[in-house]
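Visitor: Here it is: the structure, laid out below.
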Amino acid sequence: MEDSLRLAGVVRESIVDGPGIRYTIFVQGCPHNCPGCHNPQTHDFAGGTDTPIQTVLDEIDASPFLKGVTFSGGEPFCQAAGLLPLAKALKARGKHLMAYTGYTFEELLSLNDSAVRPLLEQLDLLVDGRFIEAEKSLALKFRGSSNQRVLDVPASLQANAPVWAEAYR
Ligand code: SF4
């Protein structure tokens, strides 16, 4: 089991990365290279800082008012094995969990990484798909471009197909 994550940074109190006040974790490393990406400094897999999972957990525990935690990036599902124990620990604390990914839900299910599905099983919401500049809109809630979807993850896993979180459509 992984005990550290390669991180680009964190935001300790965010109201733009999901419902409620959240702690947002920006992982380092992304293979998608979406033109117009707002976080190009997170693409290099050799960049960022190795951060013990326990350090992140301690910091979240120090702010009990946080409703949830969001995994952003970078590409969180390139560090699924590291995020999985963190996600389990956060779920045990009753936190609402959300992740961003440049993969579609369908692509995630076909990845050859045994930690991906267990990580999905810990999540409440998933914003999926690459950022497409031509479909960018500032009116979208929690999304950058209209091709992306805000998915109800438990319902999507049960259906084995993407199911929208209707409150955010
Ligand atoms: S998936 Fe996200 S972090 Fe990666 S290139 Fe696309 S917009 Fe940037």
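The values are calculated or read from the model by the stated rules, or taken from the named source; none is laboratory data. Computed from a predicted structure; not experimentally measured. We place every Cβ from the backbone using ideal geometry, glycine too, and count neighbours over all the protein chains shown.
Visitor: Could you please tell me which pairs satisfy a Cβ distance under 8 Å, a separation of 6+ or placement on different chains, a first residue in region 88-109 that is of a type outside the set (G, A, S), and a second residue that is part of a helix (DSSP H, G or I) and within 16 Å of the ligand (Cβ to nearest atom)?
Guide: Final answer for the pair search is Y100/P76; T101/P76; T101/F77; T101/L108; Y103/F77; L108/F77; L108/V116; L109/V116.
Visitor: Still on this model: Given the condition under 24 Å from D152 (Cβ atoms) and either modelled with pLDDT under 95 or within 15 Å of the chain's Cα centre (by Cα) (or both), answer yes or no: does some residue in region 27-45 qualify?
Guide: Yes, that holds for at least one residue.
Visitor: Turning to a different aspect of this structure: Residues that are within 16 Å of the ligand (Cβ to nearest atom), aliphatic (A, V, I, L, M) and either surrounded by 16 or more Cβ atoms within 10 Å (Cβ to Cβ) or farther than 23 Å from E135 by Cα (or both): does region 86-102 have at least one?
Guide: Among the residues of region 86-102, at least one is within 16 Å of the ligand (Cβ to nearest atom), aliphatic (A, V, I, L, M) and either surrounded by 16 or more Cβ atoms within 10 Å (Cβ to Cβ) or farther than 23 Å from E135 by Cα (or both), which makes the answer yes.
Visitor: Do we find a residue being surrounded by 21 or more Cβ atoms within 10 Å (Cβ to Cβ), part of a loop (DSSP other than H, G, I, E, B) and either of a type in the set (K, R) or touching a residue at least 24 places away in the same chain (Cβ under 8 Å) (or both) anywhere in region 28-41?
Guide: Within region 28-41 (the criterion being surrounded by 21 or more Cβ atoms within 10 Å (Cβ to Cβ), part of a loop (DSSP other than H, G, I, E, B) and either of a type in the set (K, R) or touching a residue at least 24 places away in the same chain (Cβ under 8 Å) (or both)), the answer is yes, since at least one residue qualifies.
Visitor: Just name the residue that is nearest to T104 (Cα to Cα) out of those in region 127-169 that are aliphatic (A, V, I, L, M) and surrounded by fewer than 15 Cβ atoms within 10 Å (Cβ to Cβ).
Guide: Across region 127-169, the extreme among qualifying residues is A161.
Visitor: Quick check on region 74-85. Is at least one of its residues charged (D, E, K, R), crowded, with 21+ Cβ neighbours inside 10 Å, within 27 Å of P40 (Cβ to Cβ) and in contact with a Ser or Thr (Cβ under 9 Å, 6 or more places away or on another chain)?
Guide: Yes: one or more hits.
Visitor: Can I ask one more? Take region 42-53 and flag every residue that is surrounded by fewer than 18 Cβ atoms within 10 Å (Cβ to Cβ) and within 15 Å of the ligand (Cβ to nearest atom).
Guide: Passing the criteria: D44, F45, G47.
Visitor: Take region 141-166 and flag every residue that is within 15 Å of M98 (Cα to Cα), part of a strand (DSSP E or B) and free of Cβ contacts under 8 Å to residues at least 40 places away in the same chain.
Guide: V150, D152, W164
Visitor: Out of G36, G9, which single residue is of a type outside the set (K, R), touching a Phe, Trp or Tyr at 6+ places or on another chain (Cβ under 6 Å) and at positive phi?
Guide: G9
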